[in-house]
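Here, each number is a calculation from the coordinates, and none is a lab measurement. In this text the structure is predicted, and so the values were computed from the model without any measurement. Note: ideal-geometry Cβ built from the backbone for every residue, glycine included; neighbour counts use all protein chains shown.
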Ligand SMILES: [Zn+2]
Ligand SMILES: [Zn+2]
């Protein structure tokens with residue numbers, strides 16, 4: 001099969017006034033109608049008939065019989081699938097292609113006909129009718145809406161739709177693992193549900209086999225010992241760890257062809273098969289690879305030269321299938337002097353892009369747009385791998401509500417045949433995940449849909465009386481997070497400058513109103529609480545003492561337990577926790593420390609003025625103790641603050657900072673320190689925080705019950721090699737946090 005380019009055509013249902021009378025589909029829980037489906041229709045159309053029956057019953061209370069083509073009474077039939085009845089009643093219609101997802105529903109007299117491609121189109125026709133005419137909604141795998149109606153009648157019905165994007169992969173856990181929900185949102189990457197629970201129908205998905213598959217075809221474990229020359233040549237040697245393949249080596253090509261062919265034979269139920277680079281940038285730099293890269297405009301050209309040969313080799317045996325490759329990181333740019341074969345699908349990845357802006361709106365995105373346009377001009381089948389949430393901390397607020405649409409439109413306008421929208425694919429914890437995922441499905445189907453109408457539909461439908469406050473929060477979030485100069489790729493962390501205490505405070509005020517609006521409805525209340533979790537998460541990350549006062553930690557625990565959230569990040573990218581249990585343990589630790597903190601009395605002493613005494617050392621040491629014992633003192637004096645900002649990027653140095661902190665209010669204080677490499681903090685002569693040793697940026701905190709007055713601080717810090725960092729944040733008993741103000745630090749002698 002060749003994937004045809006579709007042009008979106010969307011005709012809204014038109015209710016033409018007709019001279020004939022209206023037809024009553026159901027009234028008072030009863031219906032004269034039958035659902036008609038050919039007994040030999042594909043399983044997906046049989047499934048469409050059962051879905052139609054199920055949702056009609058939910059709405060009307062009437063259970064319609066399902067019969068064969070000769071069943072039912074003419075004028076009282078819901079005809080499912082393109083069959084002889086449709087051919088007779090709509091003589092100028094054409095049988096749609098099997099994989100064609102476009103569909104039509106229309107009435108002929110009292111009969112309503114639903115038809116489209118027999119893989120999915122007919123089923124989508126049924127869903128579209130249920131949504132548009134009867135008001136059904138599928139907001140998440142757990143939340144469906146079927147408005148109860150006592151009667152429903154019609155005169156003239158017609159709707160025809162075609163998908164804006166041919167392959168629609170909403171890559172979030174809730175969709176990927178729930179075929180019935182996935183189908184209702186018209187995502188076609190997941191197979192349709194089969195007759196029995198847990199089963200799916202073969203052939204009903206536009207499947208993509210594998211990702212980063214090169215490493216599975218040729219692994220160092222299998223081949224390095226006998227053929228080191230199959231792997232990347234870097235810095236004078238062949239790499240024996242997970243890197244890339246030496247693509248110019250003909251044996252590498254031969255093995256990849258043989259193995260992908262075997263995969264295609266063993267797994268025939270896919271459309272596209274991965275021949276994609278591994279997930280790292282260690283491409284081969286041998287002379288042959290270098291020469292080919294030069295000839296074809298860089299690494300993407302070398303990759304395409306290789307993949308085209310694989311595509312040629314599989315074409316005869318698999319004329320309807322595709323070989324997929326990446327335009328990702330070092331292969332993102334389009335090549336020169338070579339174009340992809342007809343049976344090659346190029347997956348272009350937007351991983352470096354800013355999620356907050358259009359592709360022509362910020363510098364981070366303009367080069368991607370250029371790559372998109374360049375690939376579009378040469379690739380017969382361009383596919384996009386797009387990123388729509390934060391992977392470093394899934395739960396962070398991401399204000400990309402108004403950019404997901406122009407991004408999808410850019411993909412459509414550049415002839416993308418498919419989009420993978422990567423969201424919280426491992427968990428169910430991204431911000432407003434149900435709405436984000438629902439919008440993505442709707443927009444992949446129709447990139448020109450009215451986003452504001454969709455948001456209104458979802459917020460009112462899913463959050464009820466709190467819907468208006470959720471919309472207020474979305475506007476507020478955009479206003480605050482989209483301020484000038486702020487950009488966000490998909491690996492933002494909570495310490496990013498875009499997140500401020502004011503944002504959290506104001507946002508939580510809106511949520512207080514939202515919760516009040518649904519306080520009498522526990523189901524809606526829980527949904528609003530889930531929506532508030534990202535703000536609570538930020539509060540616990542940035543101002544944990546305050547978070548404990550406002551109950552942010554308790555809200556997070558309730559949501560985590562209720563939603564079954566196990567994972568908080570894709571990996572340990574942010575140096576934080578990956579698992580929700582570690583997050584909750586941290587919160588418990590804070591609570592225990594607060595409980596246990598005994599009052600540290602203030603110390604009477606004579607101060608001379610503001611400042612921080614410091615001693616600077618140099619030398620090669622692995623702990624702060626070694627620094628003091630072995631280091632060479634290079635400087636000594638008074639600074640205005642505790643910090644290393646004025647240090648150039650040099651290695652092997654350290655500081656001891658000595659100062660008196662003026663505490664303004666007795667109570668629990670929290671010191672948060674992030675350091676690279678080691679630090680140890682002493683307060684009033686007691687070691688309270690130890691992050692000693694040579695390491696990358698690590699964070700820790702100390703919780704202390706300090707009496708109003710002066711307290712002695714000594715902070716020891718050293719830098720071993722590579723990057724360096726020293727950040728100190730103090731949270732006071734009122735929950736305010738930030739760097740320690742210089743005017744609260746004192747020295748005894750000037
Ligand atoms: Zn090579
Ligand atoms: Zn930007």
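Taking the mean number of other Cβ atoms within 10 Å as a proxy for protection, how do you rank 515-528, 277-290 from highest to lowest?
Details: 515-528: 16.1, 277-290: 17.9.
The densest-packed peptide leads the list: 277-290, 515-528.
By its C-alpha gyration tensor, with a ≥ b ≥ c as the square roots of the eigenvalues, how is segment 10-162 shaped: rounded for a/c under 1.5, else prolate for a/b larger than b/c, else oblate? Rounded is the answer for segment 10-162, as its axis ratio a/c remains below 1.5.
Take 441-452, 43-54, 313-324 and order them by the average number of nearby Cβ atoms within 10 Å per residue, most first; the result is 43-54, 441-452, 313-324. On C-alpha positions alone, give me the angle between the axis of helix 404-413 and the longest principal axis of the chain, in degrees, nearest 10. So the helix axis and the longest Cα principal axis differ by about 50 degrees. Fewest neighbouring Cβ atoms within 10 Å first, the residues 661, 456, 302 line up as 456, 661, 302. May I ask you to derive the FRET efficiency for residue 211 and residue 500 from their Cβ-Cβ distance with R0 = 35 Å, giving the value to the nearest 0.05? According to the calculation, E is roughly 0.40.
In the chain, inverting the average of 1/r over every pair of distinct C-alpha atoms gives 29.6 Å as the Kirkwood radius.
Grab the DSSP H runs of the chain that are 4 residues or longer, score each as -39,500 (n - 2.57), total them, divide by all residues and round the 222 nm result to the nearest 500 deg cm²/dmol. Could the numbers behind the result be given before it?
Working: 21 runs with 245 residues, N = 750.
My calculation for the chain gives -10000 deg cm²/dmol from helical runs alone.
Packing, taken as the mean count of other beta carbons within 10 Å per residue, orders the peptides 532-544, 713-725 from highest to lowest as 532-544, 713-725. Against the longest alpha carbon principal axis of the chain, how many degrees, from 0 to 90 and to the nearest 10, is the axis of helix 501-517 turned? Tilt relative to the chain: about 40 degrees. Beta-bridge orientation, the chain: approximately 70 percent antiparallel, per DSSP, counting only bridges with both partners inside. Could you tell me the calculated FRET efficiency between residue 453 and residue 177, based on Cβ-Cβ distance and R0 = 41 angstrom, to the nearest 0.05? About 0.90, to the nearest 0.05. Under 19 Å from a label point 7 Å along Cα→Cβ of residue 362: give me every residue in segment 451-491 with its amide N that close. The answer is 474-491.
Remark: spin-label model distance residue 629-residue 225 equals 4.5 nm, labels positioned 7 Å along the Cα→Cβ axis.
From the alpha carbon centroid of segment 618-674 to that of segment 117-145 is 62 Å. Taking other C-beta atoms within 10 angstrom as a stand-in for reagent exposure, 274, 151 fall in the order 151, 274, fewest first.
By the beta-carbon count within 10 Å of each Cβ, the least crowded to most crowded order of 403, 632, 500, fewest first, is 632, 500, 403.
Rounded to the nearest 10 degrees, the angle from helix 121-132 to the longest Cα principal axis of the chain is 70 degrees.
Rg and Dmax of segment 212-319, both derived from C-alpha coordinates alone, stand at 13.7, 43 Å.
Counting only DSSP beta bridges with both residues in segment 10-162, the antiparallel share comes to about 70 percent.
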